[in-house]
Amino acid sequence: METTRQPAVAGVFYPGDASVLQRTVSGLLHEAGERPDVPKAIIAPHAGYIYSGEVAASAYRLLASRAGSIRRVVMAGPSHRVGFRGIAVPESRYFMTPLGRIPVDTAAIDSLADFPWVQRSDAPHAQEHCLEVQLPFLQTILDEFTLVPLVVGQAEPAQVDAVLEHLWGGDETVIVISSDLSHYLPYAQAKAIDARTSSSIEALREEEIGFDQACGALPVRGLLMAARSHGLHCTTVDQRNSGDTAGPRDRVVGYGAYVFE
């Protein structure tokens, strides 16, 4: 039976109407401008678009130079709602957004069967926003592509690294890590912590990234390990927080966009 993971946060984190969503994402990407980067991987934030959409768009805009060659997106982010051990891949065959249906790369997911910390379960995916909010950007930038969605629970960074390495592929594959930075700190304190986190990410110093620095610390650390193995270079594309975009400055959430090439 073909099952589809339905959108859980459409109309909340981003517009639920397809035409409004398309205009919103296209506008964010247009405002992000162009750069000469050719990414193998990006890190993008996952808050509501009013808060982090501009920052996320600055990372996704860089994929435009590779849009014709990318056929598969491997995406990993932290579990916010379901506690579990390991990494969860979906049983669903498709992920839906208001912009349409994205096929899951079932062959790639089948190939993870030998990793004992990888489990098939729709439960961690059903209400998880961190991957869903990234999808409309991908649907707007890329042509047809398949998706390998990974929700990371209680896992080791080395386990994330091993899965990313297995799925690394060539020019047809791009890696997307979904993570925000610091949470609910005063503006000045958040700016200082997030600046140090960006320096650690650029230097691929995965051991310096904890949950106080990034909610997606585990997938971020796994990517940094893989990036080091593949000799990738990381650049910070944008770094702001909710106090810069659409919120008060007494308790802010940090957002960063990073490109690995």
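The values are calculated or read from the model by the stated rules, or taken from the named source; none is laboratory data. Here the structure is a predicted model, which is why all the values come from computation and not from measurement. Positions of Cβ are backbone-derived with ideal geometry, glycine not excepted, and every protein chain shown enters the neighbour counts. Please note that ligands, DNA and RNA were not included when accessible areas were found on the heavy atoms of the full protein model with its side chains. Shrake-Rupley method; radii C 1.70, N 1.55, O 1.52, S 1.80 Å.
If we only count strands (runs of 3 or more DSSP E) wholly inside the stretch 182-261, which ones have 3 or more residues that are open to solvent by less than 50 Å² (accessible area, probe 1.4 Å) and under 25 Å from GLY33 (Cα atoms)?
Details: elements: 183-185, 234-241, 252-260.
So the answer is 234-241, 252-260.
It is to be established whether one or more residues within the stretch 80-94 are at pLDDT 95 or above and either under 17 Å from GLY169 (Cβ atoms) or in contact with a Cys (Cβ under 9 Å, 6 or more places away or on another chain) (or both). Yes; the residues of the stretch 80-94 include at least one that is at pLDDT 95 or above and either under 17 Å from GLY169 (Cβ atoms) or in contact with a Cys (Cβ under 9 Å, 6 or more places away or on another chain) (or both).
When residues in the stretch 16-31 are screened for being more than 23 Å from ARG71 (Cβ to Cβ) and among the hydrophobic types (A, V, I, L, M, F, W, C), 4 of them pass.
GLU31: more than 30 Å from THR235 (Cβ to Cβ) and outside any strand (DSSP E or B), yes or no? Steps first, answer last, please.
Values: more than 30 Å from THR235 (Cβ to Cβ): no; outside any strand (DSSP E or B): yes.
It is false that GLU31 is more than 30 Å from THR235 (Cβ to Cβ) and outside any strand (DSSP E or B).
Applying the set (1) under 18 Å from the mean Cα position of the chain (by Cα); (2) modelled with pLDDT of 95 or more; (3) surrounded by fewer than 23 Cβ atoms within 10 Å (Cβ to Cβ); (4) over 17 Å from PHE145 (Cβ atoms) to VAL20 leaves exactly one unmet item: (1). Residues that are within 22 Å of THR197 (Cα to Cα), β-branched (Val, Ile, Thr) and under 17 Å from the mean Cα position of the chain (by Cα) do occur in the stretch 40-47. In this structure, is VAL118 in contact with a Leu (Cβ under 9 Å, 6 or more places away or on another chain) and surrounded by fewer than 22 Cβ atoms within 10 Å (Cβ to Cβ)? Here the answer is yes, as VAL118 does meet what is asked.
Only a single criterion out of (1) open to solvent by less than 50 Å² (accessible area, probe 1.4 Å); (2) of a type in the set (Gly, Ala, Ser); (3) more than 21 Å from ASP143 (Cβ to Cβ) is not satisfied by ALA113, namely (1).
Listed by first and then second residue, the pairs with beta-carbon distance under 8 Å, at least 6 apart or on different chains, first residue in the stretch 227-239 and among the hydroxyl-bearing types (Ser, Thr, Tyr), second not in a helix (DSSP H, G or I), are THR235/ASP37; THR235/TYR258; THR235/VAL259; THR235/GLU261; THR236/GLY256; THR236/ALA257; THR236/TYR258.
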